[in-house]
Amino acid sequence: MLSQIKIVLVETSHPGNIGAVARAMKTMSMTSLCLVNPKHFPSAEATSRAAGSDDILSKAKIYDTLSDAIADCHVVFGTSARIRTISWPELTPRACAEKVIINEPGKTTAIVFGRENSGLSNEELDLCHYLLRIPCNSQYSSLNIAAAVQVICYELNMASQQLINPVSAATEQNQDSWASKDQMEQFYQHLHQTLLDIGFILHPDKSATIMRRLRRVFNRAQLDNKEVDMLRGILRMSQGNKRN
Ligand code: SAH
């Protein structure tokens with residue numbers, strides 16, 4: 001179950017932090033590490049800080065973009081030390097672990113961590129369903145990235161150990177039907193184009209807020225394949241295409 005949860009690090013600057021993240025993961029039985037455009041990797045410093053968890057480093061997958069790293073994921077959490085002015089639905093690590101492990105097991109999940117100096121951009125958070133914030137001292141809330149990974153993986157591991165009922169067969173069967181991140185991105189592009197075509201959005205440059213709100217609506221709904229197909233059928237007809 002923990003193997004379906006990817007830890008995704010975006011543009012990490014210090015290779016030592018990547019090693020420390022691998023160590024934090026391994027202590028909590030997590031295995032899947034994804035690196036988006038790391039500044040230095042592979043690196044002797046990363047291996048040295050991994051201290052025996054270098055199997056996680058050698059299996060780490062490297063991507064050019066965050067979209068590529070999360071393309072196959074059904075649920076994506078973006079982590080942040082800061083309270084953002086735009087409000088994404090926010091969870092604590094414990095609530096996230098309950099959701100992922102106990103309430104909705106079986107979904108391929110990503111937990112995304114930002115750059116050491118600037119975190120994740122709003123555009124990157126737009127790709128996430130939820131914001132995950134570790135409640136901290138309000139005067140000093142920024143953890144080292146590996147410490148943040150440790151806290152979150154601890155909660156995931158605790159939740160997985162407390163799980164009494166095994167994942168039901170029905171949940172296992174249904175997991176293929178959830179819409180992937182890729183399908184949802186294509187849906188959002190189609191929705192955006194349709195809103196332009198029907199004149200709801202007048203200027204493509206001024207559509208960011210509307211699209212962000214609409215993403216929040218549809219991300220809350222957790223669509224499956226058939227629902228996405230149906231909505232795209234409605235979009236096609238709104239664009240003037242007849243049913244064939
Ligand atoms: N200066 C950055 C902080 C980066 S810390 C900023 O203002 O956003 C590096 C990463 O560690 C963050 O992007 C986030 O992924 C994680 N992190 C640090 N503190 C956190 C916290 N309190 N809650 C959740 N994630 C945190």
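Structure data summary
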read-out	value
DSSP beta bridge pairing in the chain, given as percent antiparallel to the nearest 5	10 percent
Placed amide H near Val76: partners under 5 Å, 5+ positions off or other chain	Ala110, His129, Tyr130
Table column - 3J(HN,Hα) (Hz), region 188-205, Karplus curve with 6.51, -1.76, 1.60, x for Gly and Pro	5, 5, 5, 4, 4, 4, 5, 5, 5, 4, 8, x, 6, 9, 8, 10, x, 5
Separation between Cα centres of region 67-131 and region 198-215, rounded to whole Å	23 Å
Enclosed volume per residue, in Å³, of the convex hull spanned by Cα atoms of the chain	134 Å³
Environment charge at Val217 (Cβ cut-off 15 Å; Lys +1, Arg +1, Asp -1, Glu -1)	+3
Percentage relative contact order, region 179-243, counting C-alpha pairs under 8 Å, at least six apart	50 percent
In Hz, Karplus ³J(HN,Hα) per residue of region 39-51 (6.51, -1.76, 1.60; θ = phi - 60°; x = Gly, Pro)	5, 9, 6, x, 7, 4, 5, 4, 4, 5, 6, 6, 6
Under 5 Å, built H, 5+ apart or other chain: amide partners of Ser32	Ile7
Taking region 2-170 and dividing mean pair separation by its residue count, relative contact order in percent (alpha carbons under 8 Å, at least six apart)	30 percent
FRET efficiency, 1/(1 + (r/R0)^6) with R0 45 Å, evaluated for Lys242 and Met158 via beta carbons	0.25
For region 18-158, Kirkwood radius (reciprocal of mean inverse C-alpha pair distance, Å)	15.5 Å
Estimated FRET transfer efficiency (Arg212, Ser118; beta-carbon r; R0 30 Å; 0.05)	0.95
Arg115 long-range amide H proximity, modeled H, under 5 Å	Leu120
Backbone HN-Hα couplings from phi across region 227-235 [Karplus 6.51/-1.76/1.60, Hz, Gly and Pro as x]	5, 5, 4, 5, 5, 5, x, 4, 4
Pairs of alpha carbons in region 179-243 whose separation is greater than 19 Å (percent)	30 percent
Cross-link table Lys6/Lys61; Lys26/Lys59; Lys26/Lys181, entries beyond 19 Å C-alpha to C-alpha	Lys26/Lys181
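Coordinate-derived values only; no laboratory data. These numbers come from a predicted model, not from an experiment. Because the Cβ atoms are built from the backbone with ideal geometry, glycine has one as well, and the counts that use them run over all protein chains shown.
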